[in-house]
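Derivation of every value follows stated rules applied to the coordinates shown; laboratory data play no part. On a predicted model such as this, the values are computed, not experimentally measured, just so you know. When we count neighbours, we look across all protein chains shown, and the Cβ atoms used for this are built from the backbone with ideal geometry, even at glycine.
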Amino acid sequence: MTRTRLAGYLLATTMLGTGLARAEDVTLTIESWRNDDLTIWQDTIIPAFEAAHPGIKVQFTPSAPAEYNAVLNSRLDAGSAGDLITCRPFDASLALYEGGKLADLSGLAAMANFSDVAKSAWQTDDGAATFCVPMASVIHGFIYNKAAFAELGIEVPATEAEFFAVLDKIKADGTYIPMAMGTSDQWEAATMGYNNIGPNSWKGEEGRLALIRGTQKLTDEPWVAPYRQLAKWKDYLGDGFEAQTYPDSQNLFTLGRAAIYPAGSWEISGFNAQAEFEMGAFAPPVAAAGDECYISDHTDIAIGLNAASAHSEEARQFLEWVGSAEFATLYANALPGFFSLNSAPVAMEDPLAQEFVSWRDKCHSTIRSTYQILSRGTPNLENETWNASANVIRGTETPEAAAARLQEGLASWYEPQK
Amino acid sequence: MATRSRLHIAVFLAPAVLVYTAVMIWPLFNTLRLSLYTAGDDGRVFSGLANFRTLLGDPRWSVAFWNALGNNLWFFVIHMLVQNPIGVALAAILSHPRLRFAALYRSAIFIPTILSFVIVGFAWKLILSPIWGIAPGMLDAVGLKALFAPWLGREEYALTTLALISVWQFVGIPMMLIYAALLSIPEGILEAGEIEGITGWAAFRKIKLPLILPSIGIISILTFVGNFNAFDLIYATQGALAGPDFSTDILGTFLYRTFFGFQLQLGDPHMGSAIATAMFAIILTGVCIYLFGVQTRMRRYQF
């Protein structure tokens, strides 16, 4: 009898103990695909938040980028997902909101700090509800090895003709691989290839919206032309590029073995840490000198609240902070290459990041053509674009055939394209 | 005597049956059930065999499905033609009484089997890498650099390369099973053969091979089930899109992409279940053909 009572007391005290600990410190967990940023979150961003908000602890628990969506969906269904969810742009997050997995954040005071365009990737189609706080966009372009360019006496290209002349010159010299990209992982071909150089051809938002309205087709010249350019890239990629992975390409460039890297601005912090030479960047070349230029300035990352979170009050405090100018400055400087979407101007110190962001002033911004609405059906246009772009670069499918296949796939389910 | 209670049988069986039901049988039947539904406007709607009609009738789905099935068959053929004969040969060599360091070879060949797919995939990807790999260097050293190609990145080679990597990893299993079968052959039979003048290769072909045939049958069916359930190696080396251009897409990766979604593609558990059901049916058919068509006709010897 006494023994059971003792056990009862012990049980009661342990339960009380854990109850108290929970009341003192709330731990918020962040789901993310940015495993590259683990140290930045742990050393810079989270300490700054925790210092200002005693009693709230934050944990950053990323998973691999390619698995993130699948992992997140399973965790949300199983009820084991973190309190804060890093949001992919457009439909992946919209589906989570519509499925009741993400909470409506329209009422957050910090939402006033973002323009409608910045919020568009995380709103319902009618714009009535916003469910993620925008964090950053990424800009596409080409990063180059300044030392290599100086050594070979090459100027930064502005037009397509100059671009290929530069590549020819690097190839003829033979010291450097002209361009570091592989087709093993496929997505670089679409993201850093097609959607990098494409906006100049389809005139950014004009073409993108025309495609959504159904007034242009993927078989129209502005949408096929980028594939014709990609088909020419094959000769300038390294030996065995068919089996070259994304990390391979990053290493080839930062080791100084390749001269040009078709890039997204998210590479900047990694490259700064790895490369020992000076780097520069140039925007995707235009068809003829003096043409209007367009860049892919893609709303890429935001953060939302798990509707099932047990600590939604604390999580909202965190989200208000994410929407503040303090976070914007901290994030943009800790992660040069992720450009703040906050309306407050952010001063950046990194020269490469400054170069990328300067294109916003002289070129028109657009987002990746396949992300909004057009990847809602099966076959999925974005995934098909990966496959088609990789095929075109490997030379196993002609630009025209690839475009025709994509158009046929899109028209099979998308009403305005039928 | 006849009225003696048989309750203890149920009691002893219960734990295993309960656990197996909870983690295997129930999920299996639930998956079969799920494949008969589609997502409607308000939740799940029963749709009979509509998912299977889509899978086999819709040109897009059926092309992907037959491509995956064809690749899967090729994957299996490579295992049958390469893994199992090599396994039998290794076992025959290892069971030779005068071979020294047999235990060492046996362990060395068996070790890859216990490695994780991720490690095997990653290691081979590095070995075969055209940029950092040792394969181009080794070929260069013997003057055969021209033979090197970025195998994992070429449509015509990628699947065969992956199948051979898988063979490398799993050749230890047929080797061990056959080795055990060879050891269980009584000395007396071999000696009797020797007196009749049957030695060496003839002894293997005429005495040992018939005696290990049942083991070879079991290995074949294990290979079949393992190959048609395969997923890990392809996913670890080529990713869920099973590139280049779906040339390494097998049923497992096709199922994964469909069920869980990929990048902007959202998961579709109902079509995914339909593919899982198709896989189940294929494996079940294969196993039945073996059990009723092959195993019952196989002759067994009692010593």
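Which entries in the list A:Lys119/A:Lys217; A:Lys203/A:Lys362; B:Lys125/B:Lys145; A:Lys57/A:Lys101; A:Lys119/A:Lys418; A:Lys169/A:Lys232 go over 25 Å, if you measure between the two C-alpha atoms of each? Correct reply: A:Lys119/A:Lys217; A:Lys119/A:Lys418. What the Cα atoms of the protein assembly as shown give is an Rg and a Dmax of 30.0, 103 Å. Of A:Val133, B:Val294, the sequence from fewest to most neighbouring Cβ atoms within 10 angstrom is B:Val294, A:Val133. Comparing A:Ile40, A:Ile367, A:Ile393 in a Gaussian network model of chain A (Cα springs below 10 Å), the most mobile by mean-square fluctuation is A:Ile40.
For segment B:67-297, relative contact order (Cα pairs under 8 Å, six or more residues apart, normalised by length) works out to 27 percent.
At 0.36 nm per residue, minus the direct Cα-Cα distance, what do B:Glu187 and B:Glu155 gain on full extension? Give it in nm, one decimal, please. That pair, B:Glu187 and B:Glu155, stretches by 6.5 nm at full extension. Rounded to two decimals, the Cα-based Rg/Rh of segment A:260-367, with Kirkwood Rh, is 1.05. In terms of its C-alpha gyration tensor, chain B comes out oblate, because a/c is 1.5 or above while a/b does not outweigh b/c. Look at the Cα gyration tensor of segment B:53-127: its axes a ≥ b ≥ c give a/c of at least 1.5 with a/b over b/c, and that counts as prolate. With no solvent and one equal point scatterer placed on each C-alpha of chain A, evaluate the Debye formula and give log10 I(q)/I(0) for q = 0.06 Å⁻¹, two decimals. Rounded to two decimals, the profile gives -0.28. Kirkwood analysis of segment A:313-352, using all unique Cα-Cα pairs, places the hydrodynamic radius at 10.7 Å.
3J(HN,Hα) along segment B:268-280: 10, x, 6, 5, x, 5, 4, 5, 4, 5, 4, 4, 4 Hz, from the Karplus curve 6.51 cos²θ - 1.76 cosθ + 1.60 with θ = phi - 60°, whole Hz, x for Gly and Pro. Beta bridges from DSSP with both residues in the protein assembly as shown: antiparallel share about 65 percent, rounded to the nearest 5.
Note on A:Ala344 and A:Ala109: their simple-model spin labels are 1.3 nm apart, each label 7 Å out from Cα toward Cβ.
Taking 4.7 Å between beta carbons as the limit, the unpaired Cys residues of the protein assembly as shown are B:Cys288. Between A:Asn35 and A:Glu205, the FRET efficiency from the beta-carbon distance, with R0 = 25 Å, is close to 0.20. For every helix of n ≥ 4 consecutive DSSP H residues, a contribution of -39,500 (n - 2.57) applies; sum these over chain A, divide by its total residues, and give [θ] at 222 nm rounded to the nearest 500 deg cm²/dmol. Rounded to the nearest 500, it is -13000 deg cm²/dmol.
Remark: the Cα gyration tensor places segment A:181-314 in the oblate category, a/c being 1.5 or greater and a/b not exceeding b/c. Where both bridge residues fall in chain A, DSSP classifies roughly 60% of the beta bridges as antiparallel.
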